[in-house]
Amino acid sequence: MFDRRLGPATRRLGYFHALRGDPAYVEELLTAEVPAWEARAVRILGSVLPRILRFGLKIDEAGVARSTTAIEAVFATVNERTSASPTVARRSRETPLPRPTSRSRRSPRQW
């Protein structure tokens with residue numbers, strides 16, 4: 001559900017808003033924390049890349065409407081599942097999840 005529906009819908013919505021902005025911002029966004037070859041490709045493609053993204057990801061008003069619907073459907077499903085489970089709902093309202101003990105072998109990044 002999250003990988004197949006929420007991921008693509010969120011990316012489309014994010015790109016829709018980002019591509020409407022300043023081209024320098026789009027370049028900065030697409031070259032941040034990527035391999036050097038990818039950053040070079042973004043710079044070489046320049047103003048053509050937003051058009052390629054719009055076409056390839058179907059980033060238009062209809063696509064954004066579909067993505068918004070998909071995002072709302074995923075959140076509704078999550079809401080139904082968590083509200084139907086008294087354990088999840090009660091735990092989230094009453095007590096925080098237990099933290100690993102100092103003898104835990106997991107690093108802090110894993111929790």
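So which helices (runs of 4 or more DSSP H) stay within segment 9-58 end to end and still have 2 or more residues that are under 29 Å from A70 (Cα atoms)? I'd like the intermediate steps shown before the answer.
Values: elements: 23-31, 36-45, 48-56.
Those helices (runs of 4 or more DSSP H) span 23-31, 48-56.
Can you give me the number of residues within segment 8-46 that are closer than 26 Å to V74 by Cβ, at pLDDT 90 or above and among the basic types (K, R)?
Residues in segment 8-46 being closer than 26 Å to V74 by Cβ, at pLDDT 90 or above and among the basic types (K, R): 2 in total.
In segment 29-53, what residues are within 18 Å of the chain's Cα centre (by Cα) and on the phi < 0 side of the Ramachandran plot? Full working, then the answer.
Filtering segment 29-53 down to residues within 18 Å of the chain's Cα centre (by Cα) leaves 29-34, 53.
Answer for segment 29-53, where residues must be within 18 Å of the chain's Cα centre (by Cα) and on the phi < 0 side of the Ramachandran plot: L29, L30, T31, A32, V34, L53.
The values are calculated or read from the model by the stated rules, or taken from the named source; none is laboratory data. If you're wondering where the values come from, they're calculated on a predicted model, not measured in any experiment. Here the Cβ is made from the backbone with ideal geometry for all residues, glycine too, and neighbour counts use every protein chain on show.
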